[in-house]
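Nothing in this text is a laboratory measurement; each read-out follows from the coordinates by a stated rule. Every value quoted in this text rests on a predicted model; they were computed, and no experiment measured them. Here the Cβ positions follow ideal geometry from the backbone for every residue, glycine too, while neighbour counts run over all protein chains shown.
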Amino acid sequence: MTTITDTASTYQKRSIFRSVPFQILVACGVSFTAPGMWDALGGLGAGGAAEPYAVSAANAILYALFAVFCIFAGAINNRIGLKWGLAIGPLGTRSGFFWSAEAAIIIGYPSPKDRGFYLAVWQTAKAAGPIVGGAITLGLNANRSTAGSVGSATYIVFIVIMCLGLPIALCLSPAEKVWRKDDTRVVVHRQATWLDEFKAVGRLAISRRILLLVPSFFISYFYNPFVSTFLTSYFTVRSRAFSSFFTNFAGIFSSFIVGYLLDKQSIHIKTRAKIAFTGIVTMLIGTWIWAIILQKEYYDNPPRLDWFTKDFGRAYALVFFWTFAGQAFQQMLYWLVGQYATDLSSLSHHTGILRGLEALGQTVAWALASQGKVNHFVSIGLNFGILLIAIVPTWIVLSELEHSHEVTVIADEVIGSTKDSEANKSSGDSVEDRASL
């Protein structure tokens, strides 16, 4: 970690609206209203529809667009500012900008030692959307013990909540004005031109570390379409509504458990990363073995699982633990790229690539789910197989993790003298220039 003292900085009163917690609150507010409501619909299985295949095909197209936008969103967000990436992101196909921006904010604004906690807070906000949405859905559909689609009132309520994301996003402060409780500054080192930004993304995309992490990025949300199909195929409307409401608590629990471990400074960074990864992978392997057993039974005798049916518990537990382990895995990947990024601009590139490859994985998975006659064991096999492929290269990256790579600028809260300021200006040795070394 490189440490630089910002001797030319001027003390300013610390406003709560420039604090890290407030910036996280803004990002979480947008996550709650936009993707949170989207996830609430996804938690119903096939977006609440009666048949999963048309919805799955539409999702495949949408995630393909997300993948393209996400890869370049990091570079674009660096030029236009994360606030505008966060604001325009919820507008349809531009969600790639939002995905990249929110991840960069959540990881880059806090100090490295606090990132696990704030990632858990973010996951909670993302989960709160589906929880509230699931509660709404459950209330509107509680009497529907048959299969089919949810009522139209459900969609109207969701759309109204999603529209709140834009005004909330505009409350975000520029990174340069944010203060941290440990007196370090958020370092921003933008490239000189648009072309340089895109070149930086290209160089990062083909770097050894990113190539090793490609399987993990690709598989991190690959399970989600199969969960949607699984729910739609075997659960009633109200049991799917229950899943949309309750399953998200699994992600909250796992996020804080993993966040606490990853922030534990008394344990070496490499050790805590390996412990978290081992636990997550073990649980994911267990869920896919469990899925193979259940799917074999369901092919022979397809159930219609309602709240009080005999097999509801063991089938729903599989959905719960998919989310528990899956959210923990995604959170760890965000934390990991945050440790290797040198500044907020670098982090924006990292998160854009991560979310782009994640969206590419979902594109393939949703396309597979859109095939009405496809064997479910194909989806299970791909999830299981790619997960196994990802273990060794990810372990190599974890084994090389010795410390945070972030350039640290310590703000001097004493008013700098005019002489020092002029000397810095004349030498051209700005904080941003020194931070790039």
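The table that follows gives values for the structure above.
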| item | result |
| --- | --- |
| 5 angstrom amide H check on PHE235, placed H, neighbours 5+ away | LEU305 |
| Cα gyration tensor shape of region 308-353, rounded if a/c is under 1.5, else prolate or oblate by comparing a/b with b/c | prolate |
| Where Rh is the Kirkwood radius over Cα pairs, Rg/Rh for region 164-286 | 1.04 |
| Cα gyration tensor, region 76-131 - rounded (a/c under 1.5), prolate or oblate | oblate |
| Pairwise centroid distance, computed over Cα atoms, of region 99-121 with region 268-343, Å | 22 Å |
| SER370, SER239, SER348 arranged by Cβ crowding within 10 Å, fewest neighbours leading | SER370, SER239, SER348 |
| Linear extension gain, PHE249 paired with ILE410, 0.36 nm per residue minus alpha-carbon span | 54.2 nm |
| Cα-Cα over 22 Å, subset of LYS126/LYS264; LYS83/LYS177; LYS113/LYS274; LYS113/LYS270 | LYS126/LYS264 |
| Which of HIS350, HIS405 has the fewest Cβ neighbours within 10 Å, and the rest in rising order | HIS405, HIS350 |
| Residue order, fewest to most beta carbons within 10 Å, for CYS171, CYS70, CYS28 | CYS171, CYS28, CYS70 |
| Cα gyration tensor shape of region 343-401, rounded if a/c is under 1.5, else prolate or oblate by comparing a/b with b/c | oblate |
| Region 240-398, relative contact order in percent, only Cα pairs under 8 angstrom and at least six apart counted | 34 percent |
